[in-house]
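Visitor: Provided herewith is a single structure, encoded as structure tokens, for subsequent inquiry.
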Amino acid sequence: MRDILPPESGRWRRFNDVFADVVERAGYGQLVTPLLEDLGVFTRIGDATEVVAKEMYDFVDKGDRHIALRPEMTASVCRAYAEHRPTTPWKVFYAGPNFRYEKPQRGRYRQFEQVGIEVLGADDPFLDVEVIALAWEFYQRLGLRQIALVVNSLGEPDDRSRYVEALRMHFESVGEGLSEQSRVTLERNPLRVLDSKRERDQEHIGTAPQIADFLSEDAAAHFAAVLDGLRALDIPFAIEPKLVRGLDYYRRTIFEFQGGTLDSAQNALGGGGRYDGLVEALGGPATPGVGFALGVDRTLLACDDEGVFGAAPPPLDAFVVDIAGGRAGVTITAELRAAGLAVDRGYDNRSMKAQMKLANRSGAEFAVIVGDDELAAGTVVVKPMRGDGEQVSIGRSRLVDHLEQHSLNQQPPHEN
Ligand code: HAM
């Protein structure tokens, strides 16, 4: 688990702001659910899921309830839907931390942050397209270019069960040819063997049956419509027949966004799909659902690698240097802030030299300086810290206008 310090933390907040902007414009409202849920909410994701079987932070609380820190948010959204029964289609987004007891490494943490959306109550394949397109738009807004979208369909539950059986038979026939780890995975969840990156397994994964041959007519038509919609929106994608995703609730469409710059074990920046049976499993009415979650930690690593969406905080407009006791400095700072400017100041009545050093380091466009003479005359000295503008002495009442007129910042300072 990590501390996120400024200025990096500011980047995290802006990341969430951009995400909220993209999805709110598409009619999604924010859902806030508790970090803790009854353990049963997550075990219904399926106990063949690694996240549930091995990675849960669960414990018994003082009231003898078995509860868990959420490992993801889709189950909580479905639990909330079953509880509140909002009108459909219910379009929500979320942002917040999740907890998985994984082996930490670059891009994989025990507490990590996700943003995501879910839509409950609509079966439309073009909704799957909308959901994917919003993630795509968000990546474009961040400036990421090396993103590959891979899609697959797991079919209806019957298709999926027949496929899982066929996979089991295939991998069992290989016997010792499969790596030891994959033989363990096979016992629990044959689909996940397809995820193995081990050299020894590749040949047998290559010859394994493919889900496409097991799709019912309905599932195949649904998938074809999703692909057609992606083409209509010019979103590039690849069909990946071996894509299975780590969570057990998926049916029909699944997809993943892979970053081009990260290690293959951590290259999934986000993913999602349909989970039409999950609300029912959580005690609600049969309700189709589709959505995605994007990992914030990993997406920001990809941003670092591509040199986009940097951590630089919005620049300060002015830094107030007061060497006349501090009282004038505090009022000037307050006036400038009230006028909407971004302003910081020096504290502790430090020397001119020390405060100018701070002004320099702050990146502010102007230093606004008050000494005893200025205090007596009701003036300030304005010194441009960048460019070749002249230092001037002006009356305090003209300060805001002066800063605004002489600013070199073409962009509004807080835009991102
Ligand atoms: P997921 O694939 O388990 O899906 O997680 C989505 C994203 O969260 C991953 O692609 C990754 O970027 C990030 N992530 C997962 N685990 C970690 C970790 N330990 N450290 C850092 N980042 C991590 C879900 O969670 C589904 N709820 C997605 C979904 C929404 N499906 C339908 N709706």
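The values are calculated or read from the model by the stated rules, or taken from the named source; none is laboratory data. Given the structure is predicted, the values throughout are model-derived calculations rather than measurements. Quick reminder, even Gly has a Cβ in these numbers, built from the backbone with ideal geometry, and neighbours come from all protein chains shown. Note: areas computed on protein heavy atoms with side chains; ligands, DNA, RNA excluded. Shrake-Rupley method; radii C 1.70, N 1.55, O 1.52, S 1.80 Å.
Visitor: Looking only at the range 86-107, filter to residues that are at pLDDT 95 or above and farther than 28 Å from residue 26 by Cβ; which one of those is surrounded by the most Cβ atoms within 10 Å (Cβ to Cβ)?
Guide: 99
Visitor: Suppose the filter is in contact (Cβ under 8 Å) with a residue 40 or more places away in the chain, within 14 Å of the ligand (Cβ to nearest atom), of a type in the set (D, E, K, R) and under 25 Å from residue 208 (Cβ atoms); does residue 297 pass it?
Guide: When the stated conditions are applied, residue 297 does not pass them.
Visitor: As an exercise: evaluate residue 169 against (1) assigned to a helix (DSSP H, G or I); (2) over 17 Å from residue 239 (Cβ atoms); (3) hydrophobic (A, V, I, L, M, F, W, C); (4) touching a Ser or Thr at 6+ places or on another chain (Cβ under 9 Å) and give the number of the one condition it does not meet.
Guide: Condition (4) is where residue 169 drops out.
Visitor: List every residue pair whose Cβ atoms lie under 9 Å apart, where the two residues are 6 or more positions apart in sequence or sit on different chains, the first residue falls within the range 88-100 and is touching a residue at least 12 places away in the same chain (Cβ under 8 Å) and on the phi > 0 side of the Ramachandran plot, and the second residue, located anywhere, is within 13 Å of the ligand (Cβ to nearest atom) and open to solvent by less than 30 Å² (accessible area, probe 1.4 Å).
Guide: Short answer, once both residue conditions are applied: 96/33; 96/70; 96/73; 96/114; 96/115.
Visitor: Tell me the residue from 333, 299, 287 that is open to solvent by less than 40 Å² (accessible area, probe 1.4 Å), touching a Ser or Thr at 6+ places or on another chain (Cβ under 9 Å) and not in a strand (DSSP E or B), please.
Guide: Selected residue: 287, the only one of 333, 299, 287 that is open to solvent by less than 40 Å² (accessible area, probe 1.4 Å), touching a Ser or Thr at 6+ places or on another chain (Cβ under 9 Å) and not in a strand (DSSP E or B).
Visitor: Please tell me if residue 243 is outside any loop (DSSP other than H, G, I, E, B) and either buried (at least 21 other Cβ atoms within 10 Å of the Cβ) or within 16 Å of the ligand (Cβ to nearest atom) (or both).
Guide: In short, no.
Visitor: Also, I was wondering about something else. Give 131, 115 a once-over and let me know the one that is more than 9 Å from the ligand (Cβ to nearest atom), at pLDDT 95 or above and open to solvent by less than 10 Å² (accessible area, probe 1.4 Å).
Guide: From the options 131, 115, the qualifying one is 115.
Visitor: Which count do you get for residues in the range 35-52 that are within 16 Å of the ligand (Cβ to nearest atom), open to solvent by 60 Å² or more (accessible area, probe 1.4 Å) and modelled with pLDDT of 95 or more?
Guide: Going through the range 35-52 one residue at a time, the tally reaches 1.
Visitor: Let me ask something else. I need the full set of residues from the range 162-214 which are closer than 20 Å to residue 52 by Cα, exposed (fewer than 14 other Cβ atoms within 10 Å of the Cβ) and of a type in the set (S, T, N, Q), in order please.
Guide: If the condition is that a residue be closer than 20 Å to residue 52 by Cα, exposed (fewer than 14 other Cβ atoms within 10 Å of the Cβ) and of a type in the set (S, T, N, Q), then 181 is the only one that fits.
Visitor: Could you count how many residues in the range 72-90 are within 15 Å of the ligand (Cβ to nearest atom) and not in a loop (DSSP other than H, G, I, E, B)?
Guide: Total satisfying the criteria: 9.
Visitor: Filter the range 53-71 down to residues that are of a type outside the set (Phe, Trp, Tyr), out of contact with any helix residue (DSSP H, G or I) (no Cβ under 7 Å at 6 or more places or on another chain), in contact (Cβ under 8 Å) with a residue 40 or more places away in the chain and within 13 Å of the ligand (Cβ to nearest atom), then give me how many there are.
Guide: So the answer is 2.
Visitor: Looking at the range 7-14, can you tell me whether even one residue there is part of a strand (DSSP E or B), more than 10 Å from the ligand (Cβ to nearest atom) and modelled with pLDDT of 95 or more?
Guide: Within the range 7-14, not a single residue is part of a strand (DSSP E or B), more than 10 Å from the ligand (Cβ to nearest atom) and modelled with pLDDT of 95 or more.
Visitor: Scan the range 305-330 for residues that are in contact with a Leu (Cβ under 8 Å, 6 or more places away or on another chain) and open to solvent by 60 Å² or more (accessible area, probe 1.4 Å) and jot them down.
Guide: 305
Visitor: Here is a further query. Quickly run through the range 94-112 and pick out the residues that are within 18 Å of residue 272 (Cβ to Cβ), near the ligand (Cβ under 9 Å from one of its atoms) and in a strand (DSSP E or B).
Guide: 98, 112
Visitor: Now for a separate question. Can you give me the number of residues within the range 364-401 that are open to solvent by 20 Å² or more (accessible area, probe 1.4 Å) and either touching a Leu at 6+ places or on another chain (Cβ under 6 Å) or in a helix (DSSP H, G or I) (or both)?
Guide: Here the count works out to 12.
Visitor: OK, next. Go over the candidates 341, 408 one by one and state the one that is over 30 Å from residue 299 (Cα atoms) and either at pLDDT below 95 or part of a helix (DSSP H, G or I) (or both).
Guide: None of the others qualify; the one that does is 408.
Visitor: Given the options 223, 292, 237, name the one that is among the aromatic types (Phe, Trp, Tyr), more than 9 Å from the ligand (Cβ to nearest atom) and under 23 Å from the mean Cα position of the chain (by Cα).
Guide: None of the others qualify; the one that does is 237.
Visitor: Out of everything in the range 184-211 that is assigned to a helix (DSSP H, G or I) and polar (S, T, N, Q), what residue ends up being nearest to the chain's Cα centre (by Cα)?
Guide: Of everything passing the filter in the range 184-211, 185 is nearest to the chain's Cα centre (by Cα).
Visitor: Inspect all residues belonging to the range 53-67 and state whether any of them is part of a helix (DSSP H, G or I) and surrounded by fewer than 21 Cβ atoms within 10 Å (Cβ to Cβ).
Guide: The answer is yes, given that some residue of the range 53-67 is part of a helix (DSSP H, G or I) and surrounded by fewer than 21 Cβ atoms within 10 Å (Cβ to Cβ).
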